[in-house]
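Colleague: Here you go, one structure.
The values are calculated or read from the model by the stated rules, or taken from the named source; none is laboratory data. A quick note: this is a predicted structure, and the numbers were derived from the prediction, not measured. Ideal geometry is used to build each Cβ from the backbone, glycine not excepted, and the neighbour counts take in all protein chains shown. For the accessible areas, the whole protein counts, side chains as well, though only heavy atoms, and no ligand, DNA or RNA atoms are used. Shrake-Rupley method; radii C 1.70, N 1.55, O 1.52, S 1.80 Å.
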Amino acid sequence: MSAFMSAFASLVGSLADLLQPLFQTASTAAAIILFTALVRLAVHPLSRAAARGQKARSRLQPQIAEIRKKHGKNPERMQKAIMELHAAEKVSPLSGCLPSLLQMPAFFLLYHLFSSSSIGGEPNALLSHDLLGAPLGGRWHEALAHGGLFGGQGLVYLGLFAIVAAVATFNYGRTKRQMAANPMTPAGPDGQPVPGMGAMTRLMPLLSFFTLITVAVVPLAAALYVVTTTTWTAVERAWLYRDMPVAGGAMATAA
């Protein structure tokens with residue numbers, strides 16, 4: 001993994017050099033944001049594939065509901081009928097999840113690239129730069145010690161918090177609308193409600209706000225990555241799932 005991180009760090013460093021005439025001392029921060037966006041653009045086909053799979057699964061929900069109603073007392077027959085339906089419609093039960101899982105290694109590497117103090121046994125040079133005076137390797141509580149909440153460094157974090165809060169509010173409203181129109185507790189293969197999923201479903205609309213905690217505790221470089229990828233995800237999902245039937249939409253939002 002260190003080889004990939006070193007390669008990524010070199011790419012971000014080269015990108016920062018290209019951006020330096022435009023962004024001066026903030027060029028590394030700008031490079032982190034731009035590089036994150038470029039990676040998200042590169043894996044966008046997987047997001048589109050996940051959306052197509054989720055839409056295909058969503059179209060089958062009325063038929064699956066009928067199967068569960070018809071065979072609710074015979075879990076084996078119900079599961080067989082559901083599998084036959086997926087096979088007949090050429091829809092994989094994992095079609096909406098697998099493409100999303102394939103994206104995870106890239107996101108894992110990026111997060112560690114922007115949060116690790118060392119790469120390949122050497123200090124992470126990306127964290128030695130700053131954004132408007134706030135060190136990319138520093139954290140919010142350290143920024144508060146230099147001018148307080150409204151000091152130069154504190155204002156950088158307030159700006160990030162404002163973006164995260166706006167994105168979280170957008171996601172909250174969208175998820176609540178979808179769940180209000182589709183108040184269904186996900187069922188397991190036997191047709192019975194999955195234990196604990198009811199509580200998780202109620203908590204789901206609030207999950208985006210937990211990003212505020214992440215931004216507050218990780219290094220600023222990682223916070224820039226988190227804010228960029230969270231914003232991208234919100235816009236991407238709103239676009240990809242804009243014409244998706246409400247049924248199943250809430251699960252797609254939380255994926």
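Colleague: I need every pair where a residue in segment 131-149 that is in contact (Cβ under 8 Å) with a residue 12 or more places away in the chain has its Cβ under 8 Å from the Cβ of a residue that is acidic (Asp, Glu) and open to solvent by 40 Å² or more (accessible area, probe 1.4 Å), sequence separation at least 6 or different chains.
Modeller: Pro135/Glu142; Leu136/Asp130
Colleague: Check segment 117-131 and report whether any residue there is in contact with a Pro (Cβ under 8 Å, 6 or more places away or on another chain), buried (at least 18 other Cβ atoms within 10 Å of the Cβ) and outside any loop (DSSP other than H, G, I, E, B).
Modeller: Yes, some residue in segment 117-131 is in contact with a Pro (Cβ under 8 Å, 6 or more places away or on another chain), buried (at least 18 other Cβ atoms within 10 Å of the Cβ) and outside any loop (DSSP other than H, G, I, E, B).
Colleague: From Val91, Val164, which residue is at pLDDT below 80, touching a helix residue (DSSP H, G or I) at 6+ places or on another chain (Cβ under 7 Å) and open to solvent by less than 30 Å² (accessible area, probe 1.4 Å)?
Modeller: Only one candidate qualifies: Val91.
Conditions (1) more than 15 Å from Tyr225 (Cβ to Cβ); (2) out of contact with any Ser or Thr (no Cβ under 8 Å at 6 or more places or on another chain); (3) open to solvent by 90 Å² or more (accessible area, probe 1.4 Å); (4) not in a helix (DSSP H, G or I), marked per residue:
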| residue | (1), (2), (3), (4) |
| --- | --- |
| Phe8 | no, yes, no, no |
| Ser14 | yes, yes, no, no |
| Ala29 | no, yes, no, no |
| Leu41 | no, yes, yes, no |
| Ser47 | yes, no, no, no |
| Ile67 | yes, yes, no, no |
| Met83 | yes, yes, yes, no |
| Leu101 | yes, yes, yes, no |
